[in-house]
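S.K.: Before I ask anything, let me first share the structure, which is written out below as structure tokens.
Just so it is clear, none of the values below were taken in a lab; they were calculated from the coordinates. Keep in mind it's a predicted model, so treat the numbers as computed, not measured. Positions of Cβ are backbone-derived with ideal geometry, glycine not excepted, and every protein chain shown enters the neighbour counts.
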Amino acid sequence: MDKSLVIIKPDAVQRGLTGTIINRLESQGLKLVALKMPHLDKDSAQRLYAIHKDKSFFKSLVDYISCAPIIAMVFEGKRAVELIRETMGHTDPAKAETGTIRGDFGLDIEHNTIHGSDSVETAEEEIKLFFSENEIFNY
């Protein structure tokens, strides 16, 4: 079984979409195996988005993800990374299909409601930023 990090971003937490988003992921057959609600500091946000450090939007991305609490989660399932990415929809909500999380709830490309790991390898690294092994449950 694959695992993937999912982050419900500040805009969705502030709008009360946490339960709806978790439900959408669980209804795809994914199992929630870890969850916490941190308020990221700038250093943690920079580590999360290090892949984008040389891009023009890096600072605003870091500022945004650290502006309010997020929900960090680990989901497990067969093809979890791929299934989560399909359920999230296109990064730009204007291009995301209706019925996807971003298509239904995203406000714009920066405030797009949700983050999900883009590969199994990235998921392994991202999960370590938020969870220790004893915080991820097997049930």
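S.K.: Per 0.36 nm of contour for each residue apart, how much would the distance between residue 23 and residue 42 grow if the chain were fully extended, relative to their Cα-Cα spacing? Before the final figure, lay out the partial values.
M.R.: On the way: separation 19, 0.36 × 19 = 6.84 nm, distance 2.94 nm.
3.9 nm is the gain from fully extending residue 23 to residue 42.
S.K.: For residue 14 and residue 111 in the same chain, what is the full-extension length gain: residue separation times 0.36 nm, less their Cα-Cα distance, in nm? Show your work: numbers first, answer last.
M.R.: Numbers: separation 97, 0.36 × 97 = 34.92 nm, distance 1.14 nm.
Full extension of this stretch gives 33.8 nm more.
S.K.: Work out how much length residue 86 to residue 58 would gain on full extension: take 0.36 nm times their residue separation and subtract the Cα-Cα distance, in nm to one decimal.
M.R.: On the way: separation 28, 0.36 × 28 = 10.08 nm, distance 2.43 nm.
Additional length available on full extension: 7.7 nm.
S.K.: Please list, or write none, the lysines whose alpha carbon is within less than 19 Å of the alpha carbon of residue 55, excluding same-chain residues fewer than 8 places away.
M.R.: 42
S.K.: So, one more: Most exposed first by the Cβ proxy, i.e. fewest other Cβ within 10 Å, how do 102, 24, 15 rank? Display every interim value, and only then the final one.
M.R.: Details: 102 23, 24 20, 15 13.
Taking fewest neighbouring Cβ atoms as first place, the list is 15, 24, 102.
S.K.: Cβ neighbours within 10 Å, averaged per peptide: list 79-87, 30-38 in order, most packed at the top. Show your work: numbers first, answer last.
M.R.: Working: 79-87: 19.3, 30-38: 16.7.
Descending packing order for the listed peptides: 79-87, 30-38.
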